[in-house]
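Colleague: Questions regarding the structure given below will be posed in turn.
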Amino acid sequence: MERYQNLSGDSGIHAYEIERESIGIQFRDGTYYLYTYNSAGEAAVEQMKMLAGAGRGLNSYIMDHVKYKYASKS
C-alpha cells in the first residue's frame, strides 16, 4: 500500500495499491475497496491510477463515476 498524498487536504482516502488490472483503495475509516477492469471498466481504473499517483482528485472521481462499481469491499 502506498499512502495517498491528499494534496487537497480533505480526502477520505488513506492509501492505495496498484495492480496490473486493478486498484485497491483504503479509506480513512479502514474500509478497503477493490476496483477492477471487470467491475469498473479499464478506462475508469486507469484514470483512478493516474489520480492516485497525482495525489489529488481520486475521492471525487470515485464518488462521481465508480462509487458502487467495486469488485469487493472489506
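The values are calculated or read from the model by the stated rules, or taken from the named source; none is laboratory data. Remember, it's a predicted structure, so these values are computed and weren't measured experimentally. Please note: Cβ atoms are built from the backbone with ideal geometry, for glycine as well, and neighbour counts cover all protein chains shown. Just so you know, the surface numbers come from the protein's heavy atoms only, side chains and all, with ligands and any DNA or RNA stripped out. Shrake-Rupley method; radii C 1.70, N 1.55, O 1.52, S 1.80 Å.
Colleague: Check whether at least one residue in the range 15-26 is surrounded by 12 or more Cβ atoms within 10 Å (Cβ to Cβ), closer than 17 Å to Ser72 by Cβ and hydroxyl-bearing (Ser, Thr, Tyr), and report yes or no.
Modeller: yes
Colleague: Which count do you get for residues in the range 27-74 that are acidic (Asp, Glu) and part of a loop (DSSP other than H, G, I, E, B)?
Modeller: Adding up the residues that qualify gives 1.
Colleague: Something else: Quick one: what pairs do we get from the range 13-26, first residue in contact (Cβ under 8 Å) with a residue 24 or more places away in the chain and in a strand (DSSP E or B), second open to solvent by 20 Å² or more (accessible area, probe 1.4 Å) and of a type in the set (Val, Ile, Thr), C-beta under 8 Å, 6+ apart or different chains?
Modeller: Ser22/Thr36
Colleague: Something else: Looking at (1) over 10 Å from the mean Cα position of the chain (by Cα); (2) surrounded by 15 or more Cβ atoms within 10 Å (Cβ to Cβ); (3) at pLDDT 95 or above, which is the one condition that is false for Leu34?
Modeller: The number of the failed condition is (1).
Colleague: Could you grab me the full set of residues in the range 37-47 that are among the aliphatic types (A, V, I, L, M) and either on the phi > 0 side of the Ramachandran plot or open to solvent by less than 50 Å² (accessible area, probe 1.4 Å) (or both)? Give the steps one after another, and end with the answer.
Modeller: Pass one, the range 37-47, residues among the aliphatic types (A, V, I, L, M): 40, 43-45.
If the condition is that a residue be among the aliphatic types (A, V, I, L, M) and either on the phi > 0 side of the Ramachandran plot or open to solvent by less than 50 Å² (accessible area, probe 1.4 Å) (or both), then Ala40, Ala44, Val45 are the ones that fit.
Colleague: Hey, can you tell me all the residues within the range 3-18 that are aliphatic (A, V, I, L, M) and farther than 13 Å from Gly57 by Cα? Explain how you work it out, then say what you get.
Modeller: Filtering the range 3-18 down to residues aliphatic (A, V, I, L, M) leaves 7, 13, 15, 18.
Ala15, Ile18, listed by residue number.
Colleague: Right, next: Name, by its number, the condition in (1) open to solvent by 20 Å² or more (accessible area, probe 1.4 Å); (2) outside any loop (DSSP other than H, G, I, E, B) that does not hold for Gln5.
Modeller: Of everything listed in (1) open to solvent by 20 Å² or more (accessible area, probe 1.4 Å); (2) outside any loop (DSSP other than H, G, I, E, B), Gln5 misses just condition (2).
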